[in-house]
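Every number here is computed from the coordinates shown, using simple stated rules; none is lab data. What you see is a predicted model, and the numbers here were worked out from it, not measured in a lab. Using ideal geometry, Cβ is built from the backbone for each residue, glycine included, and neighbour counts are taken over all protein chains shown.
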Protein chains: 2
Amino acid sequence: MSFEVVASCSGARAGMLTTPHGVVPTPAFIPVGSQATVKSLTPQEFSALGTKLVLGNTYHLYLRPGIAVIEKLGGLHRFMSWSGPLLTDSGGYQVFSLAHLRQVSDEGVRFRSHIDGSEHLLTPELSIRFQEALGADIIMAFDECPPYTDDRNAVGEAVARTHRWAERCLSSKQRADQALYGIVQGGAFTELRRHSASFLTTLGFEGYAIGGLSIGEPKEVTKAIVEETAALLPEDKPRYLMGVGSPDDLIAGVSMGVDIFDSALPTRTARNGGFFTRYGRKIIRNAHFRDRDSPLDEGCDCYTCRNFSAAYLHHLFRCEELLSYRLATIHNLRFVMRLMEEMRRSILEGSFPSFKESFLASYEPTDEAVRLGQREKGSKRRETK
Amino acid sequence: MSFEVVASCSGARAGMLTTPHGVVPTPAFIPVGSQATVKSLTPQEFSALGTKLVLGNTYHLYLRPGIAVIEKLGGLHRFMSWSGPLLTDSGGYQVFSLAHLRQVSDEGVRFRSHIDGSEHLLTPELSIRFQEALGADIIMAFDECPPYTDDRNAVGEAVARTHRWAERCLSSKQRADQALYGIVQGGAFTELRRHSASFLTTLGFEGYAIGGLSIGEPKEVTKAIVEETAALLPEDKPRYLMGVGSPDDLIAGVSMGVDIFDSALPTRTARNGGFFTRYGRKIIRNAHFRDRDSPLDEGCDCYTCRNFSAAYLHHLFRCEELLSYRLATIHNLRFVMRLMEEMRRSILEGSFPSFKESFLASYEPTDEAVRLGQREKGSKRRETK
């Protein structure tokens, strides 16, 4: 398990992350495969889109099918038939965003399943034990993720608890073939972020995540905190920005020195009929796509754009056909993967700033009010599902 | 456009059906792609499963996206990105099974859309005009399909009308590169079937379908009628049994000299979590699949069985993951395609009876009461969707 920065350009880094299941060139985007599946796609398919690293969720897998089932079947790689690098989230974020009737104590979090209301306890030790049973290449520390609306005092307490849990995660870890990453918390409070980064890097993790962002705060706040925090993290370790996945945010993250990103945004947006183009996000259900003979995005090299017209996609979405979710997912994921590949190339060639400028000159970010509204809808949907 | 019987064995036929878009070895099963998509699969994928001929539905495509849209985009082949042989149904069956407030007259059928209640008229001439615009290789005559519960008198009238419509279909047809098939009706009344077969073969079609079956009648009735009717159809033309798709029924059909079959059963059953094995149909949601490490069907060569355990499929279905529908569809469709390939090989080798006997010795057909119950549920679902 190693990480090497092979080039940097105006703060952006190109690296190589080596894991027991293969090498991940960075900057890298990780598709979300919460329930041991990247929704609608086979491993063969998401691999062909350029995916090098996939995320599974301990919270979801603990509830269904259960950690013991996956362990019995040979671990998460084998269960989902993916032989490449894999990362599991600790369950921390999901316990705070999905579960019901949470009771947080120093021991851990008692909660009720969002699926059937059954009661459970997740602790740092259990999270590590579960992640060792799942067997991903990269595992995450169990953290507390307070809502964006919490005040400085509440966030400060969450940071302190996250730090105590981080120490327990480190000391309960047994497997040597998994890399454990720490997660910096601290909400929108610069000094808390600084404290958290400093404390966790002193403990010594194999990588550092910036957590507790993209949870409803304005984009300007996200940017300021990422910039502040990334600068405090060790140069020689991977930096992972959790929950970020829109094209403009990925570019912003890379320019601030982030190496790894995960987000359900590209795939969830696809299933809702939103697709990325170099001019911004478009809505396939709009009537003007009804007889549009050209692909979703001219110049895109994905299977969807090479084989189908926007009119066909419009038809599939209107009919709520299963193929629609898949073809749109293929497109959005390929769009993001290609963006990562292009950023990496430009860093290696020393031309990242001009790539960034030229991409952003044509790409119109989603309107901030629309974005926060969609996020709200999205989180309600996740909650009920 | 030609058809040649290359071998026969105890009544079963192996043939070659040549169309402008390629050759279809028979006996052949046609997956249903009503709305210009075989639900959840790409054309690349259903082709790899062994599909040589696909079905589109004029009724569905007329309502969404509209015939003019598909025509403008270059026809159905191009619209759905399928360059192989294609067949369109006339809309007759759907008008009688899906549409609301039907008014049947000699002119045609006035109906309300099952989607938005809008009023439409479909006539033999319009059906042919629409099918010529869609551009399939094989097109079907517009027929009246009375319910199984109709009495002899009502079915007799429907047969007479179907015959008048068949003549109008023939005389309104303009394109020479499409083969028009007639549809024998007559319900469960042997003499009406005999009359219909005799009348239609006198008119002269390029193929003959047996329609109005698999609409809720007992399997024994279906078998008796197919046997009676198939024997009355010309030796040198393809015989197409509409709506039949369970493994045991396909074997029965082939042994009675049928060449082509279509049915939504394998794909719909898959989406409902039912999968075919050589021992019969199984239900993936059953608890004993929870940690079953073996594939759905040992010995199956499909992508699903080569890559995933039954436990993984069980998990995906429990979570209602999109990938579940697709992986189960791949398996069931491959199961049926392979059965067709094996039947063809055994006919060419002169060993069809022993293949049939050995398959049926291990394959337990779905219980008749369960089957009719599932059919009922299925048709209600189709009706509301």
So what's the angle, to the nearest 10 degrees on a 0 to 90 scale, between helix B:322-348 and the longest Cα principal axis of chain B?
80 degrees
Write down the percent of antiparallel bridges among all DSSP beta bridges whose residues are both part of the stretch B:171-288, to the nearest 5.
30 percent
How large is ³J(HN,Hα) for each residue in the stretch A:20-29, as worked out from phi by the Karplus curve 6.51 cos²θ - 1.76 cosθ + 1.60 (θ = phi - 60°), to whole Hz, x for Gly and Pro?
x, 9, x, 9, 10, x, 10, x, 10, 9
Under 10 Å, Cα contacts only: if you run a Gaussian network model on chain B, which one of B:S246, B:S351, B:S127 comes out with the highest mean-square fluctuation?
B:S351
Can you work out the Karplus-derived ³J(HN,Hα) for every residue in the stretch A:291-300? Use 6.51 cos²θ - 1.76 cosθ + 1.60 with θ = phi - 60°, whole Hz, and x for glycine or proline.
10, 6, 6, 7, x, 3, 9, 4, x, 6
Every other copy gets compared here: list the nm distances from the B:D248 label point (7 Å along Cα to Cβ) to its counterparts, shortest first, one decimal.
6.2
Under the classification rounded if a/c is under 1.5, otherwise prolate if a/b is larger than b/c and oblate if not, where does the stretch B:1-131 fall, given a ≥ b ≥ c as square roots of the Cα gyration tensor eigenvalues?
prolate
Give me the distance between the Cα centres of the stretch B:111-155 and the stretch B:265-341, rounded to whole Å.
34 Å
Explain nothing, just compute: Karplus ³J(HN,Hα) = 6.51 cos²θ - 1.76 cosθ + 1.60, θ = phi - 60°, for every residue of the stretch B:112-124 in order, whole Hz, x for Gly and Pro.
10, 4, 6, 8, 10, x, 5, 8, 9, 10, 10, 10, x
Between the helical axis of A:368-384 and the dominant principal axis of chain A, each derived from Cα atoms, what acute angle in degrees is found, rounded to the nearest 10?
60 degrees
Could you pull the copy-to-copy label distances for A:E107, with points set 7 Å along Cα to Cβ, in nm to one decimal and sorted shortest first?
7.7
Spelling it out for A:G280: with amide H atoms placed in the peptide plane at 1.01 Å from N, the residues 5 or more places away or on another chain with amide H under 5 Å from its amide H are A:E364
GluC sites (Glu not before Pro) in the stretch A:275-323 lying in a DSSP loop, each with at most 11 other Cβ atoms within 10 Å of its Cβ, come to A:E298, A:E320
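Given axes a ≥ b ≥ c from the Cα gyration tensor, I'd like to know whether the protein assembly as shown is rounded (a/c under 1.5), prolate (a/b larger than b/c) or oblate.
prolate
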As a percent rounded to 5, the proportion of antiparallel DSSP bridges among beta bridges in the protein assembly as shown is 50 percent
Treating the point 7 Å from Cα along Cα-beta-carbon as the label, what are the nm separations from A:E4 to the other copies, to one decimal?
6.2
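Taking all pairs of different Cα atoms in chain B, averaging 1/r and flipping that mean, what Kirkwood radius in angstroms comes out? The partial results should precede the final answer.
Details: mean 1/r = 0.0474 Å⁻¹.
Final number for the Kirkwood radius of chain B is 21.1 Å.
Around A:Y303, with a cut-off of 15 angstrom between Cβ atoms, what is the net charge of the other residues, counting Lys and Arg +1 and Asp and Glu -1?
Values: positive: A:R306, A:R326, A:R334, A:R338, B:R326; negative: A:E45, A:D297, A:D301, B:E45.
Charge balance in the 15 Å sphere: +1.
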Nonlocal amide H pairs with A:V54, under 5 Å, H built at 1.01 Å
A:L86, A:L87
If one compares the long axis through the Cα atoms of helix B:352-362 with the longest principal axis of the Cα atoms of chain B, the angle in degrees, nearest 10, works out at 50 degrees
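Per residue Cα convex hull volume for the stretch B:123-178, in cubic angstrom? Walk me through the numbers on the way to the answer.
Values: hull volume 4.2 nm³, N = 56.
Once divided by residue count, the hull of the stretch B:123-178 is 75 Å³.
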Tell me which aspartates and glutamates have Cα within less than 18 Å of B:K39's Cα, excluding those fewer than 8 residues away on the same chain?
A:E45, A:E320, A:E321, B:D89, B:D262, B:E320, B:E321, B:E383
As a percent rounded to 5, the proportion of antiparallel DSSP bridges among beta bridges in chain A is 50 percent
Between the alpha carbon centres of the stretch A:1-79 and the stretch B:213-241 the gap in Å comes to 53 Å
Normalise the Debye intensity by I(0) for the stretch A:214-261, one equal point scatterer per Cα, no solvent, then take log10 at q = 0.29 Å⁻¹ and round to two decimals.
-1.22
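With a 10 Å Cβ neighbour count serving as the proxy for reagent exposure, in which order, fewest first, do B:H331, B:H120 appear?
Numbers: B:H331 27, B:H120 17.
Fewest-to-most Cβ neighbours within 10 Å comes out as B:H120, B:H331.
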About its Cα centre, what dipole magnitude does chain A give when the only charges are +1 on Lys and Arg Cβ and -1 on Asp and Glu Cβ, stated in debye to the nearest 20?
980 debye
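Given R₀ = 25 Å, what would the calculated FRET efficiency be for B:I283 paired with A:S113, taking r from the Cβ atoms and rounding to 0.05?
With R0 = 25 Å, the Cβ-Cβ based efficiency is 0.55.
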List every residue whose amide H lies under 5 Å from the amide H of B:A28, counting only residues 5 or more places away in sequence or on a different chain, with H placed 1.01 Å from N in the peptide plane.
B:I260, B:F261
